[in-house]
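Engineer: Have a look at this one before I ask anything.
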Amino acid sequence: MKVAGVAYRSVWVSPDDGWPVHIFDQTKLPWSLDILRLTTPDQVAHAIRSMQVRGAPLIGAVAAYGLCLGLRDDASTETMERDAAMLAETRPTAINLRWALDRMLTRLRNTVPSARVDAAYAEAGDIADEDAAQNEAIGRHGLPLILEKAAKGHVNVLTHCNAGWLATVDWGTALAPIYMAHDAGIDIHVWVDETRPRNQGAALTAWELGSHGVKHTVIADNAGGHLMQHGKVDLIIVGTDRVTRTGDVANKIGTYLKALAARDNDVPFWVALPSSTIDWTVADGLTEIPIEERPAAEVTDITGRMADGTIATVRVAAAGSPGANPAFDVTPARLVTGLITERGRCEASAEGLVGLFPEQRT
Ligand code: MRU
């Protein structure tokens, strides 16, 4: 996607610079667009842990490049396995992280150490390219859902967290159909959940949509139900960090409440994902998906730009009150209208998923 007319991906290796890995520091957005140059697996692990990069598909692609950086120093099997284990521990919920590392290891374990660096960069590059292509396909498969609702002249979509190009290598998942609808001239407006505690909606989704010229309004997370009751939401599209083989959906905390309100108000609730987000080993999302518990300070405090332009973190909770911060929740498949994948749309169910991915039937 373009920023001020310049085409970017969310992770890249620059031809001018050879091997280091570049990312945007998402903790600095929307206030400044800072590019970080990562040169070691430890820096990559820090970037993922601290959420300089975040979003399930992007975490996977960046971790794959993290393995490449380590192999440049030491291509031994021992170091490679140690780096992969270290990177896999950085965030627990998004399955794309483990998926990408497993894919890298599958190739690299079968490659002699002297050929590993080239093989690793090639595989990481493929992971990044495939993610961008899959998200574009998700956009195409999601677009008809928006067109159908836009038949009355305009359409209001609600989204939660950031599942745009910043969360993937390019395009985004939930936002890809929105960008395509906008580019096709559809009168589309997006309700952007602010997405406390870290405000990925207010900071990242709003910035992305604004940069692309898409009409949007930031709302408090609690406003969605009210808007649905008053007919102001035509459909919801969200991303996901892990989908079970039965169609349960883990996503940013608060997603489940949106799905409940959507069901009560007959608002379609769609989930957009590349197949790298499906965990075929897991059937029950509620008991089998690990939910990341993040620092309480993300809830008790809030970061923003002061009137003088400085970025500051201030406490919003009463002094001394503890906070709790489960970062994701699970929406049961029964509340999901359907899934939008790179192969098309399907019901959120085991049958729906294997219908699109028959190679997983066993
Ligand atoms: O904690 P985050 O910001 O990494 O959470 C991101 C989300 O929950 C996204 O909705 C999800 O990763 C899908 S991104 C295409």
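Engineer: Restricting the count to DSSP beta bridges whose residues both fall in the chain, what percent are antiparallel, rounded to a multiple of 5?
Structural biologist: Bridges in the chain are about 55 percent antiparallel.
Engineer: Can you tell me the equivalent ellipsoid semi-axes for the stretch 205-354? Use √(5λ) from the Cα gyration tensor, largest first, whole Å.
Structural biologist: Largest first, the stretch 205-354 gives 30, 20, 16 Å.
Engineer: When the scattering of the chain is computed by the Debye formula from its Cα atoms alone, each counted once and equally, what is log10 I(q)/I(0) at q = 0.09, 0.15 Å⁻¹?
Structural biologist: Treating every Cα as an identical point scatterer, log10 I(q)/I(0) equals -0.48, -1.34.
Engineer: May I ask you to derive the relative contact order of the stretch 2-130, considering only C-alpha pairs under 8 Å and at least 6 residues apart, and to give it as an integer percent?
Structural biologist: Contact order relative to length: 21 percent.
Engineer: Give me the angle, in degrees from 0 to 90, between the Cα long axis of helix 95-109 and the longest principal axis of the Cα atoms of the chain, rounded to the nearest 10.
Structural biologist: Around 20 degrees separate the two axes.
Engineer: What relative contact order, as a whole-number percentage, does the stretch 142-211 give when Cα pairs under 8 Å and 6 or more residues apart are counted? Mind showing how you got there, number by number?
Structural biologist: Values: 96 pairs, mean separation 25.8, N = 70.
Computed value for the stretch 142-211: 37 percent relative contact order.
Engineer: Then there is this: How large, in Å, is the stretch 56-207 by the Kirkwood hydrodynamic radius built from its alpha-carbon pairs?
Structural biologist: 17.0 Å
Engineer: Using θ = phi - 60° and the Karplus form 6.51 cos²θ - 1.76 cosθ + 1.60, what ³J(HN,Hα) does each residue of the stretch 300-314 get, whole Hz, x for Gly and Pro?
Structural biologist: 6, 10, 9, 10, x, 9, 7, 4, 8, x, 6, 9, 9, 10, 10
Engineer: Next question, about the same structure. Could you size up the charge dipole of the stretch 212-362 around its Cα centre, putting +1 on the beta carbon of Lys and Arg and -1 on that of Asp and Glu, and report it in debye to the nearest 20?
Structural biologist: 360 debye
Engineer: Seen from all sides and averaged, what is the projected area of the convex hull of the Cα atoms in the stretch 2-130, in nm²?
Structural biologist: With every direction weighted equally, the projected area is 7.6 nm².
Engineer: Gain in length, residue 32 to residue 283, computed as 0.36 nm per residue apart minus the alpha-carbon separation, to one decimal in nm?
Structural biologist: Numbers: separation 251, 0.36 × 251 = 90.36 nm, distance 4.11 nm.
Additional length available on full extension: 86.2 nm.
Engineer: Can you show me the helix-derived [θ] at 222 nm for the chain, built from DSSP H runs with n ≥ 4 at -39,500 (n - 2.57) apiece and divided by the number of residues, rounded to the nearest 500.
Structural biologist: On the way: 12 runs with 135 residues, N = 362.
The per-residue figure over the chain is -11500 deg cm²/dmol.
Engineer: While we're here: From Cα pairs below 8 angstrom and at least 6 apart in sequence, can you work out the relative contact order of the chain, rounded to a whole percent?
Structural biologist: 16 percent
Engineer: Using modelled backbone amide H atoms (1.01 Å from N, in-plane), which distant-in-sequence or interchain residues come within less than 5 Å of residue 218's amide H?
Structural biologist: 192
Engineer: Arrange the peptides 14-21, 69-76, 299-306, 246-253 so that the one whose residues have, on average, the most other Cβ atoms within 10 Å appears first.
Structural biologist: Taking the mean over residues of other Cβ atoms within 10 Å, the ranking is 246-253, 69-76, 299-306, 14-21.
Engineer: Quick one: what are the phi-derived ³J(HN,Hα) couplings along the stretch 71-82, Karplus 6.51/-1.76/1.60 with θ = phi - 60°, whole Hz, x for glycine and proline?
Structural biologist: 5, 4, 7, 7, 8, 5, 4, 4, 5, 4, 5, 5
Engineer: Pairs 2/258; 28/258; 152/252; 28/232; 2/232; 215/258: which exceed 26 Å Cα-Cα?
Structural biologist: In this structure, 2/258; 28/258; 152/252; 28/232; 2/232 lie more than 26 Å apart at Cα.
Engineer: Now for a different question. Quick one: with all protein chains in place, what share of the accessible area of the stretch 185-342 is carbon or sulfur, to the nearest percent (1.4 Å probe)?
Structural biologist: Numbers: 3510 of 6500 Å².
Here it works out to 54 percent.
Engineer: Write out the GluC sites (Glu not before Pro) in the stretch 71-160 meeting two conditions: DSSP loop, and at most 14 other Cβ atoms within 10 Å of their Cβ.
Structural biologist: Sparse-neighbourhood loop GluC sites (Glu not before Pro): 89.
Engineer: Between residue 25 and residue 211, what is 0.36 nm times their sequence separation minus the Cα-Cα distance? Round to one decimal in nm.
Structural biologist: 65.3 nm
Engineer: GNM on the chain, C-alpha springs below 10 Å: top fluctuator among 126, 25, 329?
Structural biologist: Judging by the Gaussian network model, the answer is 126.
The values are calculated or read from the model by the stated rules, or taken from the named source; none is laboratory data. Keep in mind it's a predicted model, so treat the numbers as computed, not measured. Glycine also receives a Cβ, built like all others from the backbone with ideal geometry; neighbour counts cover every protein chain displayed. Ligands, DNA and RNA are stripped out before the accessible areas are found, and what is left, the full protein with its side chains, is counted by its heavy atoms. Shrake-Rupley method; radii C 1.70, N 1.55, O 1.52, S 1.80 Å.
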